[in-house]
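Peer 1: Here's a structure for you.
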Amino acid sequence: MIIDILLAALLIAGVATLIYLIISLRKLNTVTEDIRNDLEQVNRRLIPLLENLEKISEKALNVSEKVERHAEEAENYIHGVKSRLNEVGDKFSQYKSDNPVNRIITTISALGKGISTFWNTLRNNL
């Protein structure tokens with residue numbers, strides 16, 4: 001008789017445990033489903049964002065290449081102007097060293113060197 005009561009209590013405890021496990025598994029399933037839905041939303045939003053990021057990266061690369069090309073062209077132009085100014089300055093220095101025109105040529109040559117240095121520094125910092 002006591003064994004029957006204990007057996008009945010054990011059976012009730014087992015059933016209660018199974019009911020608790022079923023309820024817990026349903027809650028776990030709901031939470032898992034919510035997480036899956038959230039991840040799908042993140043995925044849907046992330047794909048266009050990554051595509052836009054790729055386009056922006058390509059555009060930035062193109063802009064960088066164009067800036068570098070323009071900087072090289074400007075540097076070549078400045079070197080050409082510098083060499084021409086040096087040639088003119090050399091010709092004038094042959095005539096007279098104290099000539100006022102020579103001072104202007106020296107100033108212009110120094111200006112050309114300053115611009116060249118500026119462009120080199122700018123290009124190296126890009």
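Peer 1: Quick test of your reading of the structure: Lys82 fulfils all but one of (1) at pLDDT 80 or above; (2) among the basic types (Lys, Arg); (3) farther than 21 Å from Asn124 by Cα. Name the failing condition by number.
Peer 2: (3)
Peer 1: Out of the stretch 35-72, which residues are over 26 Å from the mean Cα position of the chain (by Cα) and open to solvent by 80 Å² or more (accessible area, probe 1.4 Å)?
Peer 2: The answer is Ile35, Arg36, Asp38.
Peer 1: Can you confirm whether Ile115 is β-branched (Val, Ile, Thr), open to solvent by 80 Å² or more (accessible area, probe 1.4 Å) and in a helix (DSSP H, G or I)? Lay out the reasoning, then the answer.
Peer 2: On the way: β-branched (Val, Ile, Thr): yes; open to solvent by 80 Å² or more (accessible area, probe 1.4 Å): no; in a helix (DSSP H, G or I): yes.
So Ile115 fails the test.
Peer 1: State whether one or more residues within the stretch 91-107 are under 35 Å from the mean Cα position of the chain (by Cα) and of a type in the set (A, V, I, L, M, F, W, C). Step through it out loud before you land on a result.
Peer 2: Here is the first cut: in the stretch 91-107, the residues under 35 Å from the mean Cα position of the chain (by Cα) are none.
No, that holds for no residue.
The values are calculated or read from the model by the stated rules, or taken from the named source; none is laboratory data. What you see is a predicted model, and the numbers here were worked out from it, not measured in a lab. Heads up: the accessible areas ignore ligands, DNA and RNA and are worked out on the full protein's heavy atoms, side chains in. Shrake-Rupley method; radii C 1.70, N 1.55, O 1.52, S 1.80 Å.
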